[in-house]
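Read-outs throughout are calculated quantities, based only on the coordinates presented, and are distinct from any laboratory measurement. Please read these numbers as outputs of a predicted model, since none were measured by experiment. Cβ placement follows ideal geometry from the backbone for every residue including glycine, while neighbour counts extend to all protein chains displayed.
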Amino acid sequence: MLLIECPWCGPREESEFHCGGEAHIVRPLHPEQLSDPEWADYLFMRSNPKGPHRERWVHEAGCGRWFNVERDTVTHEITAVYRMGGPPPNPSAAPGRKR
Amino acid sequence: MAERYRRRSALAHLGLEVRASAAVPHAGVVLGECRMRGLLLLRGDVASAGFRSAVSEVLGLVPVAEPLTTARKRDVTMLWLGPDEWLLVTPDRRVDRIERTLRDALAGQRAALTEVSHGRAILTLSGPHARAVLAKGCPLDLHPREFAPGRCARSRLARCQALIHHVSAAPAFEIHVHRSFAQYAWTWLMDAGQEFGVRIAPME
Amino acid sequence: MTDAPFRLPSGGRIDRGSPVSFSFDGERYTGYAGDTVASALLAHGVRLVGRSFKYHRPRGVVTDGVEEPNALVQLGIGASGEPNARATQVEIHDGLAAASQNRWPSLGFDAGAVNGLLSALIPAGFYYKTFMWPGRWWMKYEYFIRRAAGLGRAPTGPDPDTYDKSWAHCDVLVVGAGPSGLAATHAAGRTGARVLLVDERPEPGGHLPGTSQSIDDAPAEEWVSAMVSDLAAMEEVRILPRATALGYYDHNYLTVLERRTDHLPYRERRGRVRQRLWKVRAKQVVLATGAHERPLVFRNNDRPGVMLASAARSYVNRYAVRPGTSAVVFTNNDTAYDPALDLADAGLRVVLADVRTGLSDARRSQLRRRGIELLAGHAITDVRGAKAVTGVSVAALNSSASAYAGGHRKIRCDLVCMSGGWNPAIHLFSQSGGRLAFDEARGAFVPGEARPAQFSAGGCNGTGALAFALSEGREAGKAAAAACGFRKRGGTPLPKVDVVEETPIRLLWTVPSRHLGRRLDKHFVDFQNDVTAADIALAAREGYRSVEHLKRYTTTGMGTDQGKTSNVNALAILSETLGADIAATGTTTFRPPYVPATFGALAGRDVGELSDPVRTTPMHQWHVEQGAAFEDVGQWKRPWYYPRDGESMREAVDRECLAARGSVGILDASTLGRIDVQGPDAAEFLDRIYTNGWKRLAVGRCRYGLMCTEDGMVFDDGVTLRLGEHRFLVHTTSGNAARVLAWMEEWLQTEWPDLDVYCNSVTEQLATASISGPFARQLLTELTTDVELGRDAFPFMSWRDGHVAGLPARVARVSFTGESSFEVSVPSGYGLSLWTALMHSGQRYGITPYGTEAMHVLRAERGFIIAGQDTDGTVTPIDLGMEWIVSRSKDFIGKRSLGRADTTRAERKQLVGLLTDDPEEVLPEGGQIVDTVTKPPMRMIGHVTSSYFSANLGRSIALALVRGGRDRHGEPVMVPLERAVVPARITEPRFFDPEGKRAHG
C-alpha cells in the first residue's frame, strides 16, 4: 500500500486516496470541432508506460483536493507530487504522451 | 424556537443518558455523543483579503490557512478541512444568526456557506486509551508529535469517513461522522474499546 | 514431582517454579512455563510427533522455531481449534491439548504409511501424471486424495475469539530482537526516535538464550537483559513480543501479527483480544530477522531424532532438555561445533562428522577437551531407525565428495544433528522488492540492492559472526534514526565478543548414498511435502528448468512452512542437475505472509454487524417498529415494504402501490443525494454537468436533469431546485450521492477552476418524506399555515419554504410516482417528528407507508428509469428515448460522444416496454431476450432491466433494453428461462397515465 504525500495534508495512507488516471490530458476546448478519432484519442487513449508515470490523485477521505503524482509504475516509487495546473517538476523523467 | 425541543440527535434512540450513569470500574475509555452544536461549512478563497476580512468581521477569526489546524474565538471553533474549506462549530442556538450575518458579510465574495448541523454526529472519545482505540480504525499518526492537541484531520474511522478533532491533551477527541453512519461508528468504538473498559459520558 | 527423563537438572530459561500440564494425543505431560510443545515433549523423550504429508513417514522435531517443517500439531478442538501449529513455537499452558496430524488411526500405526512403501510409484508430478484423465473421474480422485493428504482440520464453527487490527506509526521499525535487532533498537531509541521493535519469540534475545555464548565475559542473557531494561526506560521505544512480521509492502508498510493470548491458559483469555494485526507504517525499517540453519541432504535424513544442530543446542540451553543421549553431529561448516560442545557438556556422547578436512587447531582442541570424536572428511551415508533414530553409517568422502573413499562404519546414536550452513531470512527483504545476491562462498542468498529507507543487519544480511552482527545492528539503528532527523552523540561501546577463527564452509548439496548410482529417493529436501533430491533431479530431467515450475511440479516449498528449510537446497540441486549457476537459477518469489495467519486476525473486528457500515435515516427507528422489511441500497438500509400480519411481499407491495395512487402513500426519501451548489457561475456549471440547460430556470422552480460521463453514457439523474439566483439544490440517486459530488469537484478542480462555484453535500442535513396520491395535498393543508398549496399558487415542478407540522420545511412538488405528490424536507433532527406528524394526520386519509419495492413499481408504471438499474454505463440518453432532455445549443460533458459512430448506430440497445402474453407472468430481471428460440447459443437481442407485477394495471410490466427496440414496438419476442420460454411483446416504455397528467393534479 502506497504512502502518498498530499500537498496539503502530508503523507497519508493510499486508502484515503483515489487515483484518477493519467495526468495532463486536457479537455479540448471545442469538442464539436474534433474528428471522431481525435475525440477518441482524448477519451480513451492513455500512455500506460513502464516506469515514470504522471497521474492524478484525489485526497478523497481527507482534504478532497486533486493533485498530480509522478510514480514509477515498476517500483511504485513516488518521485514528485505537485498541484493541479502546476508544471511537472522533472520534465525529463517521464516520457511524453505518444500521440 | 420551540421546534428545537423536537430535535433528535443521531444516537437519540440509544438512551445514552441512562447508560451514562452506569459505573464502569477502571474504564480506559470514555465515549459520548455531543448533541447541541451548530455546524456551518464555509468555503472561500483564503488568498482574498475581502473574504478574510468578511469572515473575521463576523467571527473574530481569520480563516486558518495552515492545513490541519483549528482556531477558536469565544464559542466558535474553526476547523481547517481543506485549502478552501472550513467547518465552523458553534453553539446550537447561535447557528442561525451566525449563518445569516456571515452570509450577508460574504455577499459579493467568492465564498459559500452551508449549514450541516443536522447532518453530522459528533462522538466524543477520551480516557487514557483513547488513542489506542482510535488507532484501531484510523490510519492517522495520532502521536502527539504528529497530531498535537488543537489539530484536526479528515480521514477514516474503520469503514467510514470521519473528521477527527484532537480537542485536548487529556487526550480527548471529537469525531465527526455523517449522521447516517453514527450508529455504525458508535458500535465500532464501543467494540474497539471493550478491552480497555468503556464508560459512557454524561450528555452535554 | 519427578522430572521428565530428558530434562537437565539445572539451567535453561524455563521457570521450574511454574509446572504446566498439557496433553499430546490424549496423553498427559508436564513441562514448565517457558517450554514449547516441542521442548516439553523432547524432555519426555517423545520423538515421533507427526507423519509426513505424502508418504506418511514418521517425523520428529527438526528445528526450534518458525521454520519447523515436521512438528505441526492440531491445537484445541471444535470452533477454536487451530491446525498446523508449529510445536516448536507453541508455548505450553495449563489445559493445552495438542494432537498430531495426518495419521490414521494413530501416530504409531498409520495406515497411510503404505504410501512410503510405494514411494517409487509416486514420483514428482505424480498427481499431474496420474489423475489427468478421464476428466469426469477427477471428482472421484479428489475425494480420496483429500482424505489421504492434507494436514490439520479446519475449524467448523464460528470463531469464538475476538481479533483486532491497529495502525502503528514509527520512525524506525526493527524486525527481530536478536543481537542485531536489540543493538539497532538501542542505537535508534537513545536518539529519541519513535522505535517499534517486533519479535516473534516470547522473550527478546533471538537465538542467544539458546546458546552458551558470552558477551562482555558474561552469559549473553545478561547483555540481553541489560539492553531490555535500557529500552524499557526509553519513552518512545515500544517492544512487541510474540509478534511476527507477515508482510512487507510498498513504502515501508508492514503487517505484524501479534499473538496476545495463545500462550495463556484458557481461563485467562476471557475478554481479551486473541490476536492483533498491526498495520505498521515506518519511516525507516531495520530488518534483523536472523538466519535459518540449513539441513543436509542425506539418506533417511528425515528420521525422528534428526534435527538441526542449532536446534539441538537451543533445546539444551534454552529449555534445559537433552534431545538425546548419544549424538552424531554432521556438518559442512563451523557453526555445528559449538552445539557439539554444548551437547557434550550436557552429558551426551558426541561424534562429529565434518565433510571438510583441514580444520583449525582451535576447533580440534575444543573437541578433544570434551572427548568428542572428530571424523574429518566424513559424511553420514544412511540413518537407521523407523520411529526414532537408532544409528547412522558414516564413511570417508573422496576429494570431490562424489563418492566414498573407505568402508562404512556404523555408529549407534539416538540423535543426529545436522548443519548445512545458513540461509539468511531474506523473506521480508525480498517481499519489499529488494534484489537478492548469491554469496558463492557461503552458498546463500543475501540482500543485494535494497528498497529505499531500509537496512538489513546481522544474520539476515549474511553476517554470521556475533561481533559483526552487533556492530551492523548498531550502525543500522543509528543511520535509520538519523534519516528521520534523530541524532545523539556518544553511545555505549560495542560489547566484547570472543571470535574463533573459522574454516570456510564446504558446500555439499547432496550427500552421496551408500550405494552409488542408486536414486536419491530417501534424501529428503522438503520434509513437509516429502520432496526428495530424486524428485528434483527427475523434474529437471523432464524439463522443469525454471525454479517456479519446479516448485509447482514437485510441490517443494509449497507447504505451510513455505520451504524455509528446503528452498535453497532444492534450487541448488536443480542447478546442479542442470549444470547451471545457482545465482542464474534464482529463487522463487517470496510472498507474504511469512507465516500462516488466522483469518480472524485478517478480518479483525470487521465481522458481523461491523462487517460493513449500515446507514440509517432519521426515521429508521419508526420503520423498525412498524416491522418493515429492509432492502440494502448501497450501505443504506431502506424499508422495502411494510408487511401487515400474514401478508406476503406481493400482497404488501400491491396494497402499497394501490394506496399511493388511490389515497395517499408516504415514502422515506431521506437517502436521496443532495448537493448545495452555490456561486455566480452555478447555472453555467450545471449547464456543463447536465445534458439540459439551467440558466433559464426561474428561482422557485425545479427541473429534472440527466448527466452523462464523457463517453456519453448516462451517469445519474434527479431533480434540481433553483434556490436563488446563485444557488441550486441538486438531487442525485441514493446510491450515487458521493460519486456525483466527487464528479463535480473533479471537474471544478481539474478543468474549470475559473468557475466561481462551490459544491457541498447536504444529503445528511435533510430528512425527506414524500407523500403521493389524490389526498396528498389535503393532508399537507392540515399541517401547514404558511405554504399556499393551490394548483396555481404551487404548480408542479416548483418548491416553497415554510413550516410543516410546526417544523421549518421545504416542500417540492415533484413526482417519481406520477401522482400528485409533495416532497417535504426538514433538518434531519426533525425527520422523525415530521414523519410521525404526517402519519398521525394522514390516518383519516388511509395514509400508507410504502417501501422501495412499491416505489420501483410505481415509477416503472410511468416508465421512469432508475440510473444504475435500467442503465449500466453503456446506455446513452438517446438509447433511453430522452432526446428531449439533450440540449443542442450548449456543450456538456459527454455531448461530443453522442455523435460518435458507435453511439449513433441503429442497432444499439434501446429502452422499451415489455408485456408478457400471460399477464400473470413476471419476468426475472436480467432475463435475456431473443427473436426466436433455437438450440443454444441463441442470438440475444437484449435483456430485461426492470420487471414487476403492477396492481394498478392488474398485470405484469417490464422495462428492457432491446437492439433497435424503438422501431420494434408491437413485435413479439421470446424470453427463454430455465423452466419455460416466455412470449412477450415490445411496447412503449410507459404503461400508466402516458401523458403524465396526474402529477399536475
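Values as computed for the structure displayed
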| read-out | value |
| --- | --- |
| Angle between chain C longest axis and helix C:179-189 axis [Cα atoms, degrees, rounded to 10] | 50 degrees |
| Label-point separation, C:V633 to C:A580 (7 Å along Cα→Cβ), nm | 6.0 nm |
| Potential extension, C:T156-C:S23 segment - 0.36 nm per residue separation minus Cα distance | 45.7 nm |
| Candidates A:G51, A:G85, A:G21: whichever shows maximal mean-square fluctuation once chain A is modelled as a Gaussian network with Cα springs under 10 Å | A:G85 |
| 222 nm mean residue ellipticity, helices alone, for chain C (DSSP H n ≥ 4; -39,500 (n - 2.57); rounded to 500) | -6000 deg cm²/dmol |
| Net lengthening on full extension, C:D230/C:Q843 (0.36 nm per residue, minus Cα-Cα) | 213.1 nm |
| Distant-in-sequence amide H partners of C:R985 (H built 1.01 Å from N, under 5 Å) | C:L915, C:T916, C:D917, C:V973 |
| In Å, descending, principal axis extents of the Cα set of the protein assembly as shown | 115, 78, 66 |
| DSSP beta bridge pairing in chain C, given as percent antiparallel to the nearest 5 | 75 percent |
| Cleavage-rule hits, trypsin sites (Lys or Arg not before Pro), the range B:1-108, DSSP coil, Cβ neighbours within 10 Å at most 12 | B:R74 |
| Scattering profile of the range B:40-117 at q = 0.15, 0.20, 0.22, 0.24 Å⁻¹ [log10 I(q)/I(0), Debye over alpha-carbon scatterers] | -0.42, -0.78, -0.97, -1.18 |
| Counted charge near B:S180, where neighbours are those whose Cβ lies closer than 14 Å (Asp, Glu -1; Lys, Arg +1) | +4 |
| Amide H within-cut-off set for C:K165, under 5 Å, with H built and near neighbours excluded | C:L277, C:R605 |
| Karplus 3J(HN,Hα) series, Hz, for the range C:792-798 with 6.51 cos²θ - 1.76 cosθ + 1.60 (x for Gly, Pro) | 7, 5, 9, x, 3, 6, 9 |
| Rounded FRET efficiency, nearest 0.05, which uses the C-beta distance separating B:D92 from C:E725 and R0 of 25 Å | 0.25 |
| Using alpha-carbon coordinates, inclination of helix C:567-578 to the longest axis of chain C, degrees | 80 degrees |
| Alpha-carbon centroids, the range C:357-427 and the range C:206-277: separation in whole Å | 35 Å |
| Part-to-part distance (alpha-carbon centres) for the range C:67-97 and the range A:1-78, which is given in Å | 48 Å |
| Segment C:T874-C:T934, length gained on full extension (0.36 nm per residue, minus Cα span) | 18.9 nm |
| Trypsin sites (Lys or Arg not before Pro) within the range A:12-78: DSSP coil, no more than 10 neighbouring Cβ in 10 Å | A:K50 |
| Where a label projected 7 Å from the Cα of C:E651 along Cα→Cβ would reach, residues of the range C:593-636 with amide N under 17 Å | C:627-629 |
| Residues of type lysines that C:K909 reaches as a straight line, Cα spacing below 21 Å, ignoring anything fewer than 8 places off in the same chain | C:K895 |
| Derived scalar couplings ³J(HN,Hα) [the range C:650-656; Karplus, 6.51 cos²θ - 1.76 cosθ + 1.60; whole Hz; x for Gly, Pro] | 4, 5, 5, 5, 4, 4, 5 |
| Aspartates and glutamates whose Cα lies under 17 Å from that of C:K283, excluding same-chain neighbours fewer than 8 positions away | A:E5, A:E13, A:E14, A:E77, B:D141, B:E146, C:D171, C:E236, C:D250, C:E475 |
| Charge tally in the Cβ shell below 9 Å around C:V321, where Lys, Arg are +1 and Asp, Glu are -1, C:V321 excluded | +2 |
| Cα→Cβ-extended label distance, 7 Å offset, between B:V18 and C:R409, nm | 8.7 nm |
| From phi via Karplus (6.51, -1.76, 1.60), per-residue ³J(HN,Hα) for the range B:120-129 in Hz, x at Gly/Pro | 10, 10, 10, 9, 9, 9, 9, x, x, 9 |
| Set of aspartates and glutamates near C:K890 by C-alpha distance (under 13 Å), chain-local residues within fewer than 8 positions excluded | A:E32, C:E684, C:D687 |
| Low-density loop positions, GluC sites (Glu not before Pro), the range C:761-832 - DSSP coil, at most 12 other Cβ in 10 Å | C:E788 |
| Cβ-based net charge around B:P83, under 13 Å, with every Lys or Arg adding one and every Asp or Glu removing one | -1 |
| Amide N of the range C:256-282 lying under 11 Å from the label point, which is placed 7 angstrom from the Cα of C:E609 along Cα→Cβ | none |
| Cross-link pairs beyond the 18 Å C-alpha cut-off, checked among C:K165/C:K564; C:K54/C:K522; C:K165/C:K279 | C:K165/C:K564 |
| Most positive-pole-ward Cα, B:V76, C:I582, C:G790, against dipole of the protein assembly as shown from beta carbon charges | C:I582 |
